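The values are calculated or read from the model by the stated rules, or taken from the named source; none is laboratory data. All values derive from a computational prediction rather than experimental measurement. We place every Cβ from the backbone using ideal geometry, glycine too, and count neighbours over all the protein chains shown. The area values use the complete protein model at the heavy-atom level, side chains included, leaving out ligands, DNA and RNA. Shrake-Rupley method; radii C 1.70, N 1.55, O 1.52, S 1.80 Å.
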Amino acid sequence: MNVNQQPHMASPYGQPQPGYQGYPQPGYGGGHVPSGYPAQYAPYNGPGSAYQQGPPQGMRGPPTSGAPPVSGAQSYSQFGQGETQNGPPPMGAPPQRPPVSQTYTPGAVNLSGPQPPFSQQFGAPPVSMQQMTNQMASMQVGSTAPSPAGPGYAPPSVSQAAMSAPYTPAAPPSFPPTSAAPSQPPPTEAVARPPPQSYYGAPPPAQQPFPNAVPPFSSTGPTQPQAPPPVSPQSFPQAPPVSQPPFSTAQVPPGPTQSYGGPPLASQGPPMVQANHVPPTQPGMPPGPISASMSGPPPQPGMQGYPPQQNGAFGQVRGPQPGYTGPYPGQPNYGAPPAAPAPAPPATKRLDPDSVPSPIQVIEDDKANKGSEPFTTGVRGQAPPLVTTKFQVKDQGNASPRYIRCTAYNMPCNSDMAKQSQVPLAAVIKPLAPLPPDETPPYLVDHGESGPIRCNRCKAYMCPYMQFIEGGRRFQCGFCSCVTEVPPHYFQHLDHTGKRVDCYDRPELSMGSYEFMATVDYCKNNKIPQPPAFIFLIDVSYNAVKNGMVGIVCQELKTLLDYLPRENPDVESNIRVGFVTYNKVLHFYNVKASLAQPQMMVVSDVADMFVPLLDGFLVNVSESRVVIESLLDQIPEMFADTRETETVFGPVIQAGLEALKAADCAGKLFVFHSSLPIAEAPGKLKNREDKKLVGTDKEKSLFQPQVSFYNTLAKECVVQGCCVDLFLFPNQYVDVATLGVVPTSTGGSIYKYTYFQASSDQERFLNDLRRDVQKPMGFDAVMRVRTSTGIRATDFFGSFYMSNTTDVELAGLDCDKTVTVEFRHDDKLSEETGALMQCAVLYTSCSGQRRLRIHNMAVNCCSQLADLYRNCETDTVINFFAKYAYRSVLSSPIKNVRDSLVNQCAQILACYRKNCASPSSAGQVTKCMKLLPVYLNCVLKSDVLQPGADISLDDRAYLRQLVSTMDVSESHVFFYPRLLPLQKLDVESISLPVAVRDSEERLSRGGVYLLENGLNIFLWVGVNAQQELLQNIFGTPAFGQIDPNMTSLPALDNPFSKRLREIIESVRAQRSRYMKLMVVKQEDKLELIFKHFLVEDKSNSGGASYVDFLCHMHKEIRQLLS
């Protein structure tokens, strides 16, 4: 199933199939995969439009009448002798599957009585049995001998008729009869439903956490008693409440239902079918009996009773791989569907997931090939090791990949070639990236009063790409070719090769990254900046006090203030600090060192915010320590009995901004906030959470700020150099899309702790806060990217503000933030000179010094498409695509965003197929692009682009903003989580066990696995895990005694426990946010959340499995190539 694996193929995708209209049709032909979930890419059994009577030309649908539905009698055991597959245990008597091709609902389906007429959603129009038999006879179904090419794709060796034969889906597992199978084990009683777990916070407590509080309103509208409280992303209650119909356009007449603890669905369609995935019933298509032809034959005896293509709670069957070209060498043949309940049906074997490109294989190969020796940056246009490989960098003239990663290290020479390939040309830049201890940070160069040497015309800074001429008296700019005089103090003679003799003594002539001391000309208003300030603004409303946040923050700040950022660890930080508390009004505190007690001043006129004191608000920590500690002790006591539930938000940021203006310095606001700001004040918001808009064209409005006030405020903050970091502790909707405007425009961060509970979330919050306060950062920054003639930077992604088309303005820039830059051609490039880019960031260091950080990058240029594809980096391409798509949801319907992603990916691969897949080059070129489909599918299935019924709008907005500043290593693990088999851990070795692919069928019931995605760590424990393993990890040999609520592992005195805890700590140290540990026992309620991260499988929200999506991409590519 490799998209481009084998060298010897002529026309790998076969011919296009007439009548396939491409992706924009609903789903893959709409309808539902026989798996129990709405399908994003359901089996493609016919075009979504233009039905004629009789089968469309060139395409034969499966029989839609005739074969009887699969009955309960044909039940097969779900597990073979090995018992290695997963799935729920038999509950009393295991549930039975409903008829396979019926639109599946979590309610029970009437199996005994007559079937209700369903809207026909799959397949071609009904055909008579005779027609169908004739069609079947004309198809050649049979295996061909494997070709010498091995298991790739070879030109089909069958007639055109065979090519258009849809193959049957693999056989569904069926179960011994009881009631119809729910999509997961039903809770015993409605009330026993688990509270939804949120991955971005703790589970909500079972009863309402704050008895006296205004009850948190449910984010889902009026709910049934058993409906869950508002939930955070990726938690899975089974169905939306009755009051809110699933978003489906094709209404299905309800069959008799039986509640499984979730409210019945209004339209009896599957939960959360987005309108764009369900085709309306076609006119002229009478609703007929449910098609049984999709059911396929029972498992073959040799298959040990495993459900084919299993990947879900009940072993969902992956849908048919759409549009396969009959038999292809080395692979099983997917025959045509059985025509009648006739003699033995053709054997359908599962498509082996091991035959499709494996991310783990590529990652391991790269570690083996590139992890051993240092990566030297002196060679232009060489692609660095992958982000998953541990390697050392030696700077020899280009910036380290830790600072800049490109989508392509070989740029097309002209725009036509770029347009043809569709590969985005972009760089992901992380200007202040932290380096490992064995690498040298950038050198600081001081040219004195005169400042850095620059090109006269384009103002590029001196770098290794400047060519010295005329004996060293002038230099020619590598970016614009202009010739500039060398100032007398900078003159140096040239050696016989034309290089300056001091080349290797000067970082700016020999290194890719370095810093210049900036002169007063580079400072705001031409004066040296003041040291920056940190202001802590703490919400003291009822919720914030009751959940423990206020006490925790005040307690932590007492010690944290000793760790403010500084450049020299031996000198104390010269960052000043200030404190504000607020609910409906603001309280400022005078903590001047000369006071015995802090003084509080209340500003209740929030409509016109001002700072009531100048002297004593911003102070030096060491001078005012006693007063500050006294204040931090008093705040929790002062507000312990508060009854004030309302908060303001806009005036809080205004207050911090005014304080920085008054002190004439840049700085950072740390805002700790708990609820939607509904109190009367500028920036007041209303609750606009409306799940009914999800999946409609109006959905984009939910990602846009609801008022323009915060955009204007953000602009003022950027001018002052006021960066805002927001820590949210919501119990309900707080409109992250609007509250996040200021943080994301000022280079700040958002942290979110939904249903915050001190006991389980304190560790995560405090670790995030400590890192956020201590991390190296620059203030009042401006970044500009210059390029050599032929390309220019045209688009930028990240957390910043732009007042013109070239300058990226960042009130704050920390070591975790990236800015992604897209380049376009404005002229031709030459293969000799290549293409150059220089990123210059002007910023104020935490000590108050004005500096310029320069990163230079040279890439090759090519006139052959094969060279472009050979030097692409898929991880960076996906990082760019995700940011592009996540920004597009602000202005386009999500369906269009998804379609354009699929389309661009198909074009990239089709162009590669057409122009590069010759026997000579195919081998090397494919390795970088072959993972594009698996990773792109992860982006398409992400919560932002394909939400489940249970993910809140706030969490989608939060993730959308989070991804916009991710670097490549963060986006890689976020979209394709790392899954480590701990039962294979060698405690003697320092290396980790090799990761396994993110699919349920890779999990062994006897294993324990660690999954991390940069935001969460899950420890999944198999139900048959060895007692010794459990004893070593949890201190108990019994699976049943493991506490699923633990958030840290016990410190046991055995080598395995020590090594595992070390691994968890080292994994956490690699990520910019602290990951809370969740223990997931197999078959426990939390397992649904865990499965959400098994991204190669079908998702609950209707996302395709990797295999299905790959088949869909093949169909798209074939269509483009025709």
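Using a probe of 1.4 Å on the protein chains alone, the accessible area found for E988 is around 150 Å².
Counting Lys and Arg as +1 and Asp and Glu as -1 over every other residue whose Cβ lies under 14 Å from the Cβ of A840, the net charge comes to +3.
Looking at the square roots a ≥ b ≥ c of the eigenvalues of the Cα gyration tensor of region 445-547, which shape do they give, rounded for a/c under 1.5, prolate if a/b is larger than b/c, or oblate? Prolate, because a/c is 1.5 or more and a/b exceeds b/c.
Of D697, D943, D1053, which has the most accessible area with a 1.4 Å probe, and how do the rest follow in descending order?
D1053, D697, D943
Counted by Cβ distance under 11 Å from P677, the other residues give a net charge of -1, where Lys and Arg count +1 and Asp and Glu count -1.
Quick one: ranking K1098, K1085, K419 by accessible area, 1.4 Å probe, largest first, what do you get?
Order by accessible area, largest first: K419, K1085, K1098.
Within the shell of other residues whose beta carbon sits under 15 angstrom from the beta carbon of N915, the net charge comes to +2, with Lys and Arg scored +1 and Asp and Glu -1.
For D570, the accessible surface of its heavy atoms amounts to roughly 140 Å² (probe 1.4 Å, protein chains only, rounded to the nearest 10). When the square roots of the Cα gyration tensor eigenvalues are ordered a ≥ b ≥ c, the ratio a/c for region 418-463 is 1.5 or more and a/b does not exceed b/c, which makes its shape oblate.
R770 contributes an accessible area of around 80 Å² to the protein surface, as traced by a 1.4 Å probe with all chains present. Label-to-label distance, D365 versus V585, with points set 7 angstrom from Cα along the beta-carbon direction: 6.9 nm.
Among E699, E763, E689, the order of accessible area from largest down is E763, E689, E699, computed with a 1.4 Å probe on protein heavy atoms. The eigenvalues of the Cα gyration tensor, multiplied by 5 and square-rooted, give region 581-694 an equivalent ellipsoid with semi-axes of 29, 17, 13 Å from largest to smallest.
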